Amino acid sequence: MATTKQTTRTKTVLPAVKSGQKKTVKSTTAKNVRLTNTTWAYAAAPESADHISIKEQYDLFINGKFVKPSSKKYFATVSPSTEKKISEVAEANEKDIDLAVKSAKAAYDTTWGKMPGKERAKYIYRIARLMQERAREFAVIESMDGGKPIRESRDIDIPLACNHFFYYAGWADKLEYAFPNRHPKPLGVAGQIIPWNFPLLMAAWKIAPALATGNTVVLKPAETTPLTALKLAEIIQESGLPDGVVNIVTGFGNVGAAIVNHPLVNKVAFTGSTPVGKYIQKAIAGTNKKATLELGGKAAHIIFDDAPIDQAVEGIVNGIFFNQGHVCCAGSRLFVQENIAELVIKKLKRRMETLLVGDPLDKNTDIGAINSKEQLAKIKHYLNLGQKEGAEMYQSNCALPSKGYFCKPTIFLHTSQSHRIVQEEIFGPVLAIQTFRTIEEVIEKANNIPYGLSAGVWTDKGSKIFNLTSKLRAGVVWANTYNKFDPTSPFGGYKESGFGREGGIHGLMGYVTL
Ligand code: NAD
């Protein structure tokens with residue numbers, strides 16, 4: 001692969017960039033990458049947290065009320081950017097799960113399962129409106145609890161979460177049009193388990209279609225990001241939704257397992273890692289529980305020589321570095337056509353130097369905190385592994401805050417298909433780069449992986465786009481853009497990225513019998 005060589009540069013100290021933080025450009029950078037060294041010395045612009053109310057302790061939301069866990073245990077939820085405790089949340093056990101599932105079942109049998117669609121729609125719509133009214137509060141809590149930049153939680157996560165509720169409110173009384181000549185019926189109780197990378201959005205992806213189709217819910221947020229789901233519980237209470245229709249329980253993997261294994265759960269909707277997805281599939285084998293599994297990914301991002309290169313570089317950055325690479329569909333494998341590789345890598349390195357890593361609540365921040373200490377350790381493991389495998393690592397010269405869990409945007413050059421950093425999901429701001437010459441070669445390489453969640457292609461030619469979209473084994477393929485979402489579009493994987501679709505009409509399918 002044509003790449004630039006590493007040379008030594010003199011140390012330069014830049015003016016303070018944010019909150020008194022000094023930006024130090026140190027030792028190595030690429031030849032031919034001329035840095036301006038005036039890297040965006042923005043003044044700090046942190047989002048105010050004055051309007052946020054976070055309780056010191058949260059209980060379980062069961063049957064319309066916040067109740068103490070029968071374990072009497074609570075665990076801390078910590079801000080990954082400050083390492084400080086934000087609050088503590090209840091640790092549920094099997095007894096609590098039994099109570100939550102039975103409440104959901106009673107609500108299904110007595111109210112929600114029998115309610116006409118147009119009445120259900122009013123509640124779902126009301127939840128969407130209440131969420132929208134408190135969008136700023138949700139955005140700040142999401143960034144505090146999860147570490148993602150406020151720009152992302154404010155402009156993407158929260159509006160999309162509200163829009164999912166609005167969108168599915170619209171379907172609740174039109175199910176016979178979604179499934180013409182069929183008689184869609186709800187399944188009963190949906191057990192829903194979600195990860196930490198899009199906490200409120202994943203809750204919306206799960207709860208909204210389940211309610212629209214007449215099911216009731218027991219939802220478990222991830223242990224490191226429970227707060228926005230608990231805020232949503234407050235809104236659900238405020239909306240007047242009948243007791244027990246939505247129950248929100250917090251805890252660790254054993255709580256998820258107790259939901260999956262509960263005999264009164266009719267449907268399991270899981271988003272998370274492939275190993276846990278496989279465990280769930282085994283656990284429900286032989287039962288008549290329905291399941292949708294949205295699992296890991298390792299997307300191929302493909303740049304052809306006729307692509308608009310500057311836009312493509314921006315697409316690469318958006319695909320892997322924003323949101324710290326904590327995106328299941330992150331464009332973590334880059335394939336660049338060989339004749340433009342040198343230029344693309346040069347531009348990418350230059351763009352990487354402008355990325356600001358730091359306080360998630362600062363509006364100028366591009367890359368926030370890694371979600372947890374454990375996730376940062378996992379990323380570091382892969383950074384070492386990539387170098388041991390013989391790939392060349394390049395990181396931007398940004399300074400990292402002294403507290404919190406942060407990682408510099410990183411690319412690996414000279415990687416090959418057999419490298420573990422190419423085959424395995426890292427879930428961090430780490431990009432493995434390869435080159436290709438022909439379309440056939442890139443299709444072969446892009447598909448040669450256990451995952452099949454998403455892909456991206458940049459080219460001037462519509463014919464190449466159509467050729468690739470039909471041959472790439474990925475649930476979503478973006479063309480000349482990346483990471484774009486809409487409630488009306490289905491999303492889901494092939495192969496070890498899972499099965500079933502969420503979003504759009506397809507998202508209703510997993511919650512009905514026909
Ligand atoms: P994870 O699988 O560790 O945890 C996800 C959820 O499952 C958490 O709530 C966890 O407590 C729970 N859980 C853990 N063990 C369980 C068990 N044995 N039974 C039931 N539940 C259990 O995943 P994570 O680290 O939170 O999230 C990152 C993963 O999620 C990545 O692999 C990412 O690709 C994937 N993801 C996929 C999508 C998608 O739409 N395909 C979206 C977001 C994230």
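Data table
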quantity: Scan of region 233-281 for residues that are closer than 27 Å to residue 111 by Cβ and among the aromatic types (Phe, Trp, Tyr), ordered by number; calculated: 270
quantity: Filter result (of a type in the set (Ser, Thr, Tyr), more than 20 Å from residue 259 (Cα to Cα) and in contact with a strand residue (DSSP E or B) (Cβ under 6 Å, 6 or more places away or on another chain)) within region 70-117; calculated: 77, 79, 87
quantity: Filter result for residue 138 (surrounded by fewer than 18 Cβ atoms within 10 Å (Cβ to Cβ) and either over 30 Å from residue 186 (Cβ atoms) or among the hydrophobic types (A, V, I, L, M, F, W, C) (or both)); calculated: no
quantity: Output for region 455-504, where each listed residue is among the aliphatic types (A, V, I, L, M) and touching a residue at least 24 places away in the same chain (Cβ under 8 Å); calculated: 455, 457, 468, 472, 474, 476
quantity: Residue 438 being away from the ligand (no atom under 14 Å from the Cβ) and farther than 25 Å from residue 208 by Cα; calculated: yes
quantity: Failed criterion for residue 311 (all others in (1) away from the ligand (no atom under 11 Å from the Cβ); (2) out of contact with any Lys or Arg (no Cβ under 9 Å at 6 or more places or on another chain); (3) not assigned by TED's automatic domain parsing to the domain that holds residue 418 hold); calculated: (3)
quantity: Test: residue in region 295-309 that is of a type in the set (Lys, Arg), surrounded by fewer than 23 Cβ atoms within 10 Å (Cβ to Cβ) and on the phi < 0 side of the Ramachandran plot; calculated: no
quantity: Residue list for region 242-254, restricted to those being surrounded by fewer than 24 Cβ atoms within 10 Å (Cβ to Cβ), within 15 Å of the ligand (Cβ to nearest atom) and closer than 19 Å to residue 66 by Cα; calculated: 252
quantity: Total residues in region 286-301, condition over 24 Å from residue 152 (Cα atoms) and away from the ligand (no atom under 15 Å from the Cβ); calculated: 3
quantity: Test for residue 409: is it within 19 Å of the chain's Cα centre (by Cα) and under 21 Å from residue 326 (Cα atoms); calculated: yes
quantity: Close pairs (7 angstrom Cβ cut-off, 6 or more residues apart or separate chains): touching a residue at least 12 places away in the same chain (Cβ under 8 Å) in region 104-124, among the hydroxyl-bearing types (Ser, Thr, Tyr) and in a helix (DSSP H, G or I) anywhere; calculated: 123/239; 124/168
quantity: Odd one out for residue 332 among (1) within 15 Å of the ligand (Cβ to nearest atom); (2) over 24 Å from residue 479 (Cβ atoms); (3) modelled with pLDDT of 95 or more; calculated: (2)
quantity: Residue that is more than 30 Å from residue 244 (Cβ to Cβ) and either at pLDDT 95 or above or out of contact with any Lys or Arg (no Cβ under 9 Å at 6 or more places or on another chain) (or both), where the choices are 27, 81, 87, 70; calculated: 81
quantity: Top-ranked residue in region 349-394 [being under 23 Å from residue 414 (Cβ atoms) and polar (S, T, N, Q); ranked as surrounded by the fewest Cβ atoms within 10 Å (Cβ to Cβ)]; calculated: 384
quantity: Members of region 60-78 that are in contact with an Asp or Glu (Cβ under 7 Å, 6 or more places away or on another chain) and outside any strand (DSSP E or B); calculated: 63, 64, 68, 69, 70, 71, 73
quantity: Qualifying positions in region 191-235 - more than 10 Å from the ligand (Cβ to nearest atom), of a type in the set (Val, Ile, Thr) and either closer than 25 Å to residue 327 by Cβ or crowded, with 24+ Cβ neighbours inside 10 Å (or both); calculated: 207, 213, 216, 217, 218, 228
quantity: Unique match (being in a loop (DSSP other than H, G, I, E, B) and closer than 19 Å to residue 473 by Cα) among 440, 425, 444; calculated: 425
quantity: Residues of region 393-409 classified as closer than 16 Å to residue 368 by Cβ and either of a type outside the set (A, V, I, L, M) or assigned by TED's automatic domain parsing to the domain that holds residue 83 (or both), total; calculated: 11
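The values are calculated or read from the model by the stated rules, or taken from the named source; none is laboratory data. The shown structure was predicted, so the numbers you read here are calculated from the model rather than taken from an experiment. In this analysis, Cβ positions are derived from the backbone assuming ideal geometry, glycine residues included, and neighbour counts consider all displayed protein chains.
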